[in-house]
1. Would you check if ASP107 is closer than 14 Å to PRO2 by Cα, out of contact with any strand residue (DSSP E or B) (no Cβ under 9 Å at 6 or more places or on another chain) and either without any contact (Cβ under 8 Å) to a residue 12 or more places away in the chain or open to solvent by 60 Å² or more (accessible area, probe 1.4 Å) (or both)?
2. Working only within the range 58-81, note down all residues that are hydrophobic (A, V, I, L, M, F, W, C) and free of Cβ contacts under 8 Å to residues at least 40 places away in the same chain.
3. Would you mention how many residues in the range 22-49 are closer than 18 Å to VAL81 by Cα, aliphatic (A, V, I, L, M) and open to solvent by 70 Å² or more (accessible area, probe 1.4 Å)?
4. Scanning the range 50-64 for residues that are more than 16 Å from GLU125 (Cβ to Cβ) and not charged (D, E, K, R), which turns out least open to solvent (accessible area, probe 1.4 Å)?
5. Being among the charged types (D, E, K, R), at positive phi and out of contact with any Cys (no Cβ under 7 Å at 6 or more places or on another chain) narrows it down to one of ASP72, ASP89, ASP55, so name that one.
6. Under the condition of being among the aliphatic types (A, V, I, L, M) and open to solvent by 70 Å² or more (accessible area, probe 1.4 Å), which residue from the range 110-129 is modelled with the lowest pLDDT?
7. Of the conditions (1) open to solvent by less than 30 Å² (accessible area, probe 1.4 Å); (2) in contact with a Ser or Thr (Cβ under 9 Å, 6 or more places away or on another chain), ILE88 clears all except one; give me its number.
8. Which pairs do you get when a residue that is in contact (Cβ under 8 Å) with a residue 40 or more places away in the chain and more than 9 Å from CYS82 (Cβ to Cβ), found in the range 1-21, comes within reach of a residue that is surrounded by 13 or more Cβ atoms within 10 Å (Cβ to Cβ) and of a type in the set (Ser, Thr, Tyr), reach meaning Cβ atoms under 9 angstrom, with the pair 6+ apart or on two chains?
Amino acid sequence: MPLQVELVSPAQIAYSGEAKMVIARVVTGDIAFLPGHVPFIGILQTHPVRVLFEDGTELSIAVHQGFVEVSDDKVTILSDVCELAAEIDVARAEGSKATAEEALRADSDDVDAKAALKRAETRLEVAGA
């Protein structure tokens with residue numbers, strides 16, 4: 001029996017459907033959800049969420065924080081922002097990465113720059129750039 005998956009943000013429903021497995025990064029590290037997983041609630045990190053399908057393909061979605069809940073073979077991901085590869089402006093993400101890196105060279109403790117760098121790197125990874 002496959003998982004039912006809902007991955008949503010305030011702006012869109014990035015994915016709604018079935019999957020064989022979902023892999024996400026929470027505060028304690030990466031976690032994979034398969035059918036029969038025990039109930040779970042976790043805080044998501046800025047990182048790609050991978051949705052794996054029965055046919056061997058997968059969908060990678062840039063997720064910028066949020067929550068994941070698993071119950072009764074349903075995985076619900078509520079994200080502040082989520083982006084599919086086709087929605088990512090690679091040039092803009094590269095520019096954001098460069099700006100964040102420059103800010104971190106000036107102040108290695110800049111929390112906003114660290115977060116911006118992680119968002120840009122996540123976008124670039126999902127876009128395959």
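1. Values: closer than 14 Å to PRO2 by Cα: no; out of contact with any strand residue (DSSP E or B) (no Cβ under 9 Å at 6 or more places or on another chain): yes; either without any contact (Cβ under 8 Å) to a residue 12 or more places away in the chain or open to solvent by 60 Å² or more (accessible area, probe 1.4 Å) (or both): yes.
For ASP107, the condition - closer than 14 Å to PRO2 by Cα, out of contact with any strand residue (DSSP E or B) (no Cβ under 9 Å at 6 or more places or on another chain) and either without any contact (Cβ under 8 Å) to a residue 12 or more places away in the chain or open to solvent by 60 Å² or more (accessible area, probe 1.4 Å) (or both) - is not met.
2. Passing the criteria: PHE67, VAL70.
3. 2
4. To start, the set of residues in the range 50-64 that are more than 16 Å from GLU125 (Cβ to Cβ) comprises 52-57.
The next check asks that each one be not charged (D, E, K, R); those that pass are 52-53, 56-57.
Values: LEU52: 28, PHE53: 45, GLY56: 65, THR57: 72 Å².
My answer is LEU52.
5. Going through ASP72, ASP89, ASP55 in turn, the sole match is ASP72.
6. Within the range 110-129, the match that is modelled with the lowest pLDDT is ALA129.
7. Unmet for ILE88, out of (1) open to solvent by less than 30 Å² (accessible area, probe 1.4 Å); (2) in contact with a Ser or Thr (Cβ under 9 Å, 6 or more places away or on another chain): (2).
8. Close Cβ pairs (under 9 Å, with a partner that is surrounded by 13 or more Cβ atoms within 10 Å (Cβ to Cβ) and of a type in the set (Ser, Thr, Tyr)) amount to GLN4/THR76; VAL5/TYR15; VAL5/THR76; GLU6/TYR15; GLU6/THR76; PRO10/SER79.
The values are calculated or read from the model by the stated rules, or taken from the named source; none is laboratory data. Not measured: the values here are computed from a predicted model. Cβ sites come from the backbone with ideal geometry, for glycine too, and all protein chains shown count toward neighbours. To get the accessible areas, we keep the full protein, side chains included, count just its heavy atoms, and leave off ligands, DNA and RNA. Shrake-Rupley method; radii C 1.70, N 1.55, O 1.52, S 1.80 Å.
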